[in-house]
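The values are calculated or read from the model by the stated rules, or taken from the named source; none is laboratory data. Only a predicted model underlies this, so the values are computations on that prediction, with no experimental measurement involved. Note: ideal-geometry Cβ built from the backbone for every residue, glycine included; neighbour counts use all protein chains shown. These area figures cover heavy atoms from the full protein model, side chains too; ligands, DNA and RNA do not enter into them. Shrake-Rupley method; radii C 1.70, N 1.55, O 1.52, S 1.80 Å.
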Amino acid sequence: MSEPRFAPGAQVTVATRRPACHHRAPAYIKGHTGTVERLCGIFGNPETLAHGGDGRPPQPLYRVRFAARELWGPRAERDGDTVEVEIYEHWLEAAS
Amino acid sequence: MSGGHEHGHDHDHPHPFQPDDDAGGLTEHMALVAAVRELLIEGGIYSAEDERRAIERMDARSPAAGARMVARAWVDPAYRERLLADGAAAARELGVEVGPTRLIVVADTAETKNVIVCTLCSCYPRWVLGLPPAWYKARAYRARVVVEPRAVLAEFGTQLPDGMAVRVHDSTADMRYMVLPARPEGTQDWDEEALAAIVSRDCMIGVALPRADAKAA
């Protein structure tokens, strides 16, 4: 396992893939860009743990802050509102 | 008709019964759980009484633990800092057992209101808040609070001032969350016990605000 790739403040985009297995990236953030709020730690990967696997390699887990406007567009109630979501590193890429 | 039971016709037909929650029969997974449980007990790993006591202990957890932590943070700025830095360590400091929980405490301010959800399932900080309310696990709350938190809070009777931003925290993975609400006006002279009594479960989920004029139910 390498060092965590992202530091707090990094801009990251969530992958849009839809694996058939159990995974913990909610659909509403896929394809959206947010800011790393903190590194939470390094944990077993739930995508293999949930299916009898060993969770290896473990994954850095981040909290990523999304603007409500980024997620919901005109449906967002107000500018400045945010949604913060825990997401594993293999779902994230540096925002282009 | 009698007994306040009115629907404008005679009782010449059976009423449909509301199905029992466990009326669906045994699913594959329920059968698997029952089989593993029997093996563990037969093998002497633990007894049925051990299991019953463990369930009783889990069900006995209550939001009083979280309320004590909030009240301490209100009167002790150094404790507040430790609570925000490491919620689980700060809980243990007050004798609140949190097991393996990684607890993130998020603090309301004059400018921000925090609220907690688990959109994927129903992750909840049970060690400090006890069992989650039914609405927390309901699809309606989980789907709506990330999109329209103000509308949801208003349905709970919580009106936010115009200038306040809402931060929704979706508990999607290994962390658990608790809201540290702002200490309400009019409680300057209160001791910790009196303060803890106005910190309800819903205040620590983030859908309600503690009020000096509200005595805990």
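Annotations for the structure displayed:
- Residue count, segment B:83-124 (criterion: in contact with an Asp or Glu (Cβ under 7 Å, 6 or more places away or on another chain) and open to solvent by 10 Å² or more (accessible area, probe 1.4 Å)): 2
- Residue within segment A:49-57 that is in contact with a strand residue (DSSP E or B) (Cβ under 9 Å, 6 or more places away or on another chain), within 23 Å of B:VAL115 (Cα to Cα) and open to solvent by less than 10 Å² (accessible area, probe 1.4 Å) present: no
- Any chance B:LEU40 is over 16 Å from B:GLY95 (Cα atoms), of a type in the set (A, V, I, L, M), in contact with a Leu (Cβ under 8 Å, 6 or more places away or on another chain) and open to solvent by less than 60 Å² (accessible area, probe 1.4 Å): no
- Residue count for segment A:1-33, restricted to those that are touching a residue at least 40 places away in the same chain (Cβ under 8 Å), within 14 Å of chain B (Cβ to nearest Cβ) and small (Gly, Ala, Ser): 1
- Wholly enclosed strands (runs of 3 or more DSSP E) of segment A:8-71 bearing at least 2 residues at negative phi and β-branched (Val, Ile, Thr): A:11-14, A:33-43
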